[in-house]
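First up is the structure itself, then whatever we jot down about it.
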Amino acid sequence: MKILVISDTHIPRSAHDLPDAIYKEIENVDMIVHAGDFVEKEVYDKLKSLRELKAVCGNMDSGELGRILKNKEVFEVEKFKIGLIHGYGAPANLVETVKSEFKDADVIIFGHSHSPMNEERGGILFFNPGSPTDKIFARNNTYGILEITPKKIEGKIVKI
């Protein structure tokens, strides 16, 4: 299974729409995961109409999104347990913060910092796709791809 992972899209504040590269990538994936900070519900609705969508609410999301999305989710793909959260607090402690929210996760997908991360620590893959629309805390706009087979998970950060 191939999953497109995005976060911190901040539409319409940072951009009017997602970059074309995201829509092109959607054609080649089985699922989309959004780690929060859509900002407005229209992006959520659009992504949900294109592929299966797993998503959580971020700190900048509208009240409307806050009523339909949870702050964190846990789902399984193949035999792997995936924790999904936007994140909160200081970026310096973000990995520890998101780790404390999940027990026994194989992968923790998060956003909030806008800084991409694809790093295994203590048997857990910490995966932050960065932001495809905002570079306030990063040099590049990015998104992520997770490829999951019954035996392994591989993450990749893609620069736009």
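Efficiency by 1/(1 + (r/R0)^6): what FRET value for Tyr88 and Lys135, r their Cβ-Cβ distance, R0 = 22 Å, to the nearest 0.05? If you can, show how the numbers build up before the last one.
Values: r = 21 Å, r/R0 = 0.95.
Plugging the Cβ-Cβ distance into 1/(1 + (r/R0)^6) gives 0.55.
Sum up the charges of everything whose Cβ sits under 15 Å from the Cβ of Arg51, counting Lys and Arg as +1 and Asp and Glu as -1, but leave Arg51 out. Summing Lys and Arg as +1 and Asp and Glu as -1 gives 0.
In loop segments of segment 51-160 as defined by DSSP, there are no chymotrypsin sites (Phe, Trp or Tyr not before Pro) with at most 10 further C-beta atoms inside 10 Å of their C-beta.
From least to most packed, judged by other beta carbons within 10 angstrom and beginning with the fewest, Thr97, Thr142, Thr9, Thr149 follow the order Thr149, Thr97, Thr142, Thr9. A Gaussian network model of the chain, with springs between Cα atoms under 10 Å, assigns the largest mean-square fluctuation among Lys41, Lys135, Lys103 to Lys103. Which of rounded, prolate or oblate describes segment 2-159 when judged by the alpha-carbon gyration tensor and an a/c cut-off of 1.5? Because its axes are fairly even, with a/c under 1.5, segment 2-159 counts as rounded.
In this structure, the pairs whose alpha-carbon distance is over 24 Å, taken from Lys2/Lys72; Lys24/Lys46; Lys24/Lys54; Lys72/Lys156; Lys24/Lys79; Lys24/Lys72, are Lys24/Lys79; Lys24/Lys72. Computed 3J(HN,Hα) for segment 33-43, one whole-Hz value per residue from the Karplus formula 6.51 cos²θ - 1.76 cosθ + 1.60 where θ = phi - 60°, is 10, 10, 8, x, 6, 5, 5, 10, 5, 4, 5, glycine and proline marked x.
The phi-based Karplus calculation (6.51 cos²θ - 1.76 cosθ + 1.60; θ = phi - 60°) puts the 3J(HN,Hα) values of segment 10-20 at 6, 9, x, 6, 8, 6, 7, 7, 5, x, 4 Hz, whole numbers, x for Gly and Pro.
Amide H contacts of Lys81: Asp106, Val107, each under 5 Å away and 5 or more positions distant or on a separate chain (H built 1.01 Å from N in the peptide plane; Pro and chain starts excluded). Centroid-to-centroid, using Cα positions, segment 110-160 and segment 38-104 are 14 Å apart.
Of the GluC sites (Glu not before Pro) found in segment 52-106, those in coil by DSSP whose Cβ has at most 15 other Cβ atoms within 10 Å are Glu78.
No lab work stands behind these numbers, since they all come straight from the coordinates. Not measured: the values here are computed from a predicted model. Here Cβ is always computed from backbone atoms with ideal geometry, including for glycine, and neighbour counts include all displayed protein chains.
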